[in-house]
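Colleague: The following block contains the structure, expressed as structure tokens.
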Amino acid sequence: MNTIGAERLVVTARRSLQLSKRQISQKLAFGIFWIAGIITVGIMLLVIGYVMLQGLRMVNWEFLTTAPRGGLSGEGGMSTTIVATLYLVGVTLAIAAPLGIGSAVFFVEYAGEADDRSGIVKRLVGIARFGVETLAGVPSIVFGLFGYALFVTTLRFGFSLLSAGLAGACLILPVVIRTTEEALKVVPRSYREGSLALGATRWQTIWNVVLPAALPGIITGIVLSVGRVVSETAVFYVTLGGSHHMPTSIMSSGRSMALHVYYLAMETRAFDKAMGTAAVLIVTIVLINGAINFLSCRLCPKE
Amino acid sequence: MQMRYVIDRSVKGVLLLTALVSLLVLMLIGMFILREGLPAFRQIGLNRMFTSSVWRPTIGEFGMLGMVAGSIWATLGAIVLGVPLAVGCALLLAEVAPPSVHRVLRPSIELLAGIPSVVYGLYGMVVLVPLVRRIQVPGNAGFGVLSASVILAIMILPTVTSIAEDAIRAVPRSYREGSLALGATHWQTITGVILPSARSGIVAGIILGVGRALGETMAMIMVIGNSIIVPRPISNNPLTVVLSQTRTLTGNIALEISYATGLHESALFATGVILFVMIMLVNSIARWMLQGKRGT
């Protein structure tokens, strides 16, 4: 009797010891996860905080509105780089947005068609999808090389906004296609059916019903790709030429804000001005992220 | 009446054409860099490219070993530093943290993903490199594998975290409940059930991180020092290999393409081809793993 009781006691004691061991290891592990989270937030604060604190001291109206003088000490402001960035975004979107939205409309609205007897369209869609997915993974310097070989040298566009815009358009095409596809997919089937039932053609339905309903999502995608263009450097480093002068036409060479940061830091070692430009760049990105969140929040209730 | 059907038909054709543009671009990219790189492959040969570390275009030496090693070292370092952090964050977000933490951690990770690579490079040059320079080893310039790895680790963190988190969240609820019902603690459930079934997704995230790290260009130019050598210890201590300056494949292309001509230019395109193939391979493996996961 007694020994059995004692054994039981030992077993329960051992069990509770085991349990507490298990719980200690759980506490430890979760503690480590918390530390990982804290480190991540810390890194974000450190990087952004440092760039903002150091950079915003440089930024004032004059810095934003004077042209860089291009000298070896990096004098001057960043006005031409803001203009060049805007041009670059414009050219890139003008090329990539129609193509990307067109592709996405085809993938979502036409790809699964029933009247495709020969199966050719289906096969084409498969290959085209593969193209989009693969393109999304191509490293940006390869886009740069391609842009340099095709647009800068073969087609003789030189280092110009046109060359850079074309190369940049190739880079953001997959982004536009993917986000537009997502936006089109959330448009309820009933919208399309309603329109088709009223006798509208496929295209009339897409143009008058589906695209307007998907517009906020499509714009989100466009804004996202604006962010991509603004922060991209490698592609433009080998296609845009890096002139610090004000771009006058689509054939002008230029320097985007991100490129300006690179030139200031690497070629003139003007770190203070580079920080100033980097701060403006980060503010731009934060505004873009904010716009995306705002737009996707407007989308939420519709889903 | 007839008109709108004509429009409908022609629009469909036009949209099909736009859908094929991506494929066309991909083919053009492949064609152009291959065409430009072909002379280098013919005249230099893969063998000499990968066995020599002497890159001196002026005397016709095009050994890429230094750059290959540089890319691999920086990427490895980024994985070693970044993956534990990313997986920790993913587990925190998917398993442990209350929603209030999500509201802080998620935007932080989004911001990290949005910071342009030049800004990371600049931060590396201004803050990190001087910090690394403080390590008392003769010849330590601060620029090198360590600085590059730290910067790359931060850059791949968002990619790996978000894919790992998705993979962890995709583990069916019933697995978790089964394990908890058997008396396992939450942590035992994570190690015994959740991580094994989310493994392929997490690995895919890491592989995509590798792809991202291999492809990074500007930030690497800014912090890795750009000497064309295979990283080697700079003192008697073998650990100082991480302080060695080196150059990445991507950086080499960006630094030299604007003035390269002839065989030199072709060799840079050949570098691009190698990079392209490497990253395509890495990405297809990751995609294949993610799809396999979805299939089951």
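Read-outs: derived from the displayed coordinates by stated rules, not from any lab. What you are looking at is a predicted structure, and each value in this text was computed from that prediction instead of being measured. All Cβ positions, even for glycine, are placed from backbone atoms using ideal geometry, and neighbour counts span all protein chains on display.
Colleague: With only alpha-carbon atoms counted, please give the Rg and Dmax of the stretch B:1-80, in Å.
Modeller: 23.2, 72
Colleague: Quick one: dipole size for the protein assembly as shown, taken about the Cα centre, charges +1 on Lys/Arg Cβ and -1 on Asp/Glu Cβ, in debye to the nearest 20.
Modeller: 1160 debye
Colleague: Set Lys and Arg Cβ to +1 and Asp and Glu Cβ to -1, take the dipole of the protein assembly as shown about its Cα centre, and tell me which of B:Leu182, A:Phe106, B:Val150 lies farthest positive.
Modeller: Checking the options against the dipole of the protein assembly as shown, the answer is B:Leu182.
Colleague: Take the alpha carbon atoms of the stretch B:88-142, find their center, do the same for the stretch A:20-65, and report the distance between the two centers in whole angstrom.
Modeller: Taking the Cα centre of each part, the stretch B:88-142 and the stretch A:20-65 sit 7 Å apart.
Colleague: Same structure, new question: At q = 0.09, 0.13 Å⁻¹, what log₁₀ I(q)/I(0) does a Debye calculation on the Cα points of chain A give, no solvent, two decimals?
Modeller: Cα-only, vacuum Debye calculation for chain A: -0.62, -1.01.
Colleague: In Å, the Kirkwood hydrodynamic radius of the stretch B:1-144 over pairs of distinct alpha carbons?
Modeller: Value: 21.5 Å, from the Cα pair sum.
Colleague: Let me see the pair-distance distribution of the stretch B:71-171: every alpha carbon pair, 10 Å bin width, integer percents in order.
Modeller: Taking all Cα pairs of the stretch B:71-171, the binned fractions are 15, 40, 29, 13, 3, 0 percent.
Colleague: Putting +1 on Lys and Arg Cβ atoms and -1 on Asp and Glu Cβ atoms, find which of A:Gly90, A:Gly31, B:Val126 reaches farthest to the positive end of the dipole of the protein assembly as shown.
Modeller: The listed residue farthest towards the positive side: A:Gly31.
Colleague: Find the Cα radius of gyration of the protein assembly as shown, compare it with 2.2 N^0.38 Å by division, and give the number to two decimals.
Modeller: Computed over Cα atoms of the protein assembly as shown, the ratio equals 1.07.
Colleague: Within the set of other residues whose C-beta is less than 11 Å from the C-beta of A:Thr201, count the net charge using Lys and Arg as +1 and Asp and Glu as -1.
Modeller: Around A:Thr201, the charge tally is +3.
Colleague: Give me P(r) over the stretch A:2-56, computed from all C-alpha to C-alpha distances, binned every 10 Å, as integer percentages.
Modeller: Reading upward from the zero bin: 21, 21, 17, 14, 12, 8, 5, 2.
Colleague: Could I ask something else about it? With Kirkwood's inverse mean 1/r over C-alpha pairs for Rh, give me the Rg to Rh ratio of the stretch B:166-296, two decimals please.
Modeller: Looking at the stretch B:166-296, the ratio lands at 1.18.
Colleague: Still on this structure, I have one more. At 222 nm, what helix-only mean residue ellipticity would chain A give, in deg cm²/dmol to the nearest 500, using -39500 (n - 2.57) for each DSSP H run of four or more?
Modeller: After summing the helix terms and dividing by residue count, I get -23500 deg cm²/dmol.
Colleague: Now, a different point. Taking just the C-alpha trace of chain B, give me its Rg and Dmax in Å.
Modeller: In Å, with Rg to one decimal and Dmax whole: 23.3, 85.
Colleague: Further, regarding this structure: Taking Cα centroids, how far is the stretch B:1-54 from the stretch B:222-283 in Å?
Modeller: With the stretch B:1-54 and the stretch B:222-283 each reduced to a Cα centre, they are spaced 26 Å.
Colleague: For the stretch A:172-303, state what percent of all Cα-Cα pairs lands in each successive 5 Å bin, counting from 0 Å until the bin that includes the largest distance.
Modeller: Reading the bins upward from 0: 2, 10, 14, 15, 14, 12, 9, 8, 7, 5, 3, 1, 1, 0.
Colleague: Using the Kyte-Doolittle scale, which helices in chain B average at least 0.0 and also have C-alpha atoms spread 24 Å or more along the helix axis, with helices defined as whole DSSP H runs?
Modeller: Answer set is B:2-43, B:65-91, B:145-169, B:195-215, B:262-295.
Colleague: A follow-up question, please. According to the Cα gyration tensor, what semi-axes, each the square root of 5 times an eigenvalue, does the equivalent ellipsoid of the stretch A:110-235 have, listed from largest to smallest in whole Å?
Modeller: Gyration-tensor ellipsoid for the stretch A:110-235: 34, 18, 13 Å.
Colleague: Ranking request for peptides B:276-286, B:214-224, B:111-121: highest mean number of other beta-carbon atoms within 10 Å first, then the rest in descending order.
Modeller: Final packing ranking: B:214-224, B:111-121, B:276-286.
Colleague: Can I ask one more? Could you order peptides A:128-137, A:60-69, A:274-283 by the average number of other Cβ atoms within 10 Å of their residues, highest first?
Modeller: A:274-283, A:128-137, A:60-69
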